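Let me begin by presenting the structure, written as structure tokens, before commenting on it.
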Amino acid sequence: MKPYLLPVLFTLLMSGLSLWVEQGAYTPSTLGIPTVQVADYSVGLLTLEERCVDEKNQQVICHQLTDIQEGDILITKSNHTLFYRHGHAGVVIDAKEGLVLEALGYGESSTLEPLEKWNYYPTVKVLRLKDASQRDRLMSQNFTPFLGIDYHLFARKADLSATHCADIVWKVFNQIGIDVDSNGGYFVTPKDIAKSPYFFEIASYGFETEGDWS
């Protein structure tokens, strides 16, 4: 095979896989709201993210998150890759300004994202630490070390040079001695955090469509 054909074949393969993923992905048609549907948007090579859309396929909010406080964890099931519904997670750093610490995907570093975008996900769960003193201690910490960390799917918990969405949340809480990984595994996932006994649920939207993470 001629060397120059390899990039072409790779591009065609990835394009085919992306199309296959999008066509076969789980996409609920409605949320019980007649004018709102759910559509997939590409957020990576093979990763899709569900957003609420109207009849003209324009993005619309599915719900309005309220009573959000610093230290709250946001969990969604609306991210999936190759039929694996891994979800996404973030932690609210500034409720007044609406800023959420997130690790988005390959080629990007951990950063602050707008809280408002979580209103467009069809599935969202808001979790809060049960212990108010722990919440105060969490928010007195310096979050600067958690910004600008490169994304890596297999980031180790002890490694501050790489992270992913659930891992960055774990690292934030670990600095005050709280292990939010409910099963204590080598890797942490949004589902692991959603099942952590340290939190209670403030709000939940859309999770009943696929079974609960609790």
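The values are calculated or read from the model by the stated rules, or taken from the named source; none is laboratory data. Fair warning: this is a prediction, and the values are worked out from it, not measured in the lab. Counting neighbours? That spans all protein chains shown, and the Cβs are built from the backbone with ideal geometry, glycine included. Remember, those area values only see protein heavy atoms, side chains included, never the ligands or the DNA or RNA. Shrake-Rupley method; radii C 1.70, N 1.55, O 1.52, S 1.80 Å.
Taking the square roots of five times each eigenvalue of the Cα gyration tensor of the stretch 58-140, the equivalent ellipsoid has semi-axes of 22, 15, 13 Å, listed largest first.
Legend: residues 200, 154, 173, 143, sorted from most to least accessible area (1.4 Å probe; ligands, DNA and RNA excluded), read 154, 200, 143, 173. Distance between the pseudo-spin-label points of residue 111 and residue 96 (7 Å out from Cα toward the beta carbon): 2.4 nm. The C-alpha atoms of the stretch 57-202 occupy a region whose extents along the principal axes are 44, 34, 27 Å, arranged from largest to smallest.
The eigenvalues of the Cα gyration tensor, multiplied by 5 and square-rooted, give the stretch 133-180 an equivalent ellipsoid with semi-axes of 20, 11, 7 Å from largest to smallest. How high is the FRET efficiency from residue 56 to residue 119, r the C-beta distance, R0 25 Å, rounded to 0.05? Once the sixth-power term is evaluated, E becomes 0.85. When 198, 106 are compared by accessible area at a 1.4 angstrom probe, the order from most to least is 106, 198.
The stretch between residue 42 and residue 130, if pulled fully straight at 0.36 nm per residue, gains 28.1 nm over its current Cα-Cα span.
When the alpha-carbon atoms of the stretch 141-214 are used, the pair Rg, Dmax equals 13.2, 37 angstrom. For the stretch 106-165, the square roots of the Cα gyration tensor eigenvalues, ordered a ≥ b ≥ c, give a/c of at least 1.5 with a/b no greater than b/c, which places it in the oblate category. For residue 96, the aspartates and glutamates whose Cα falls under 18 Å of its own Cα, not counting residues fewer than eight places away in the same chain, are 67, 70, 72, 113, 116, 136.
Remark: for residue pairs 171/191; 56/125; 130/195; 130/171, the C-alpha separation exceeds 23 Å in 56/125.
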